[in-house]
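Read through the structure below, which is laid out as structure tokens, and then see the notes.
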Amino acid sequence: MSWLQALVLGLVQGLTEFLPISSSAHLRITSTLFFGNDAGASFTAVIQLGTEVAVLIYFAKDIGRFIGAWFRGLFSAEARKEKDYKLAWYVIIGSVPISILGYLLKDEIRTSARNLWITATMLVVFGLLLGLADQLAKHQRDELRMKDAIGMGLAQALALIPGVSRSGGTLTAGLFLGLTREAAARYSFLLAIPAVFGAGLFSIPDVLERTGEGVQASIPQMIVATLISFVVGYATIAWLLKYVSKHSYSAFVWYRLMLGLVLMGLLSMGLLQPI
């Protein structure tokens, strides 16, 4: 991997991880279109650690409350009535589907699921679903319930397929379940922490062994790309939470549709190879 590719992919990861447009799709497309290769699922998983550290820092106070409430609830019946205790469990429960499927389907995720035809199709299909959810949902609730955790957790698992978008899938499910745009976005950020950290740490040995799929990045390149994704990701979180409090997701829906259709056109003309 060249240094330019590492820098560009770190920037792309930071910009797209929290937007409902699929960071894995953008990394796959950018790497193939501009550098002529696939950086690989392991590289993608590792540099996502930077954006998840951004979540940890941005929501540090909230996360500290959730952890404290969870531990208190283990020993106190009164503490189990706290909202923070329940939310901590919702994050844990919502992380189960992607953890199980990610482990069971790890080989497919790194190979056949990275076909660009699949990526293009998922961009369009889940863009339409996000648009429907954004327009038809009631956006009434700020408080999460168990059904929200299960529904958004199952939707997050679909993001194992590039093009679905982890944030896009969870936001779509949250909106259909009746959450406000901001509440769905905040839970989406928190829900990502266990899954993405797990995937990133699990993929580090593959990157260090330099025998996995995709073009190989050096350790310094991995570190720099991850740092860039952290800085840019932190700024993106702040921007997105402010944006969704006043706007719909329609801009992201149209972007997904156009990107998916353009990608299909490039594949049909043979200007891009699907694998």
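Overview of values
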{"item": "Asp148 being in a helix (DSSP H, G or I), among the acidic types (Asp, Glu) and open to solvent by 20 Å² or more (accessible area, probe 1.4 Å)", "result": "no"}
{"item": "Any pair with Cβ under 9 angstrom, 6 or more apart, that starts in the stretch 4-19 at a residue that is closer than 19 Å to Val196 by Cβ and ends at one that is among the acidic types (Asp, Glu)", "result": "Glu17/Glu52"}
{"item": "Candidates Val244, Val232, Val196 - the one that is within 18 Å of the chain's Cα centre (by Cα) and modelled with pLDDT of 95 or more", "result": "Val232"}
{"item": "Positions within the stretch 170-184 being of a type in the set (Gly, Ala, Ser) and either under 17 Å from Ala195 (Cβ atoms) or not in a helix (DSSP H, G or I) (or both), in sequence order", "result": "Ala173, Gly174, Gly178, Ala184"}
{"item": "So Gly212, is it modelled with pLDDT under 85 and surrounded by fewer than 20 Cβ atoms within 10 Å (Cβ to Cβ)", "result": "yes"}
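The values are calculated or read from the model by the stated rules, or taken from the named source; none is laboratory data. Since we're looking at a predicted model, the values are computed, not measured. Heads up, the Cβs are rebuilt from the backbone with ideal geometry, glycines too, and the neighbour counts pull from every protein chain shown. Each accessible area value is taken on the protein alone, full model and side chains, heavy atoms only, with ligands, DNA and RNA left out. Shrake-Rupley method; radii C 1.70, N 1.55, O 1.52, S 1.80 Å.
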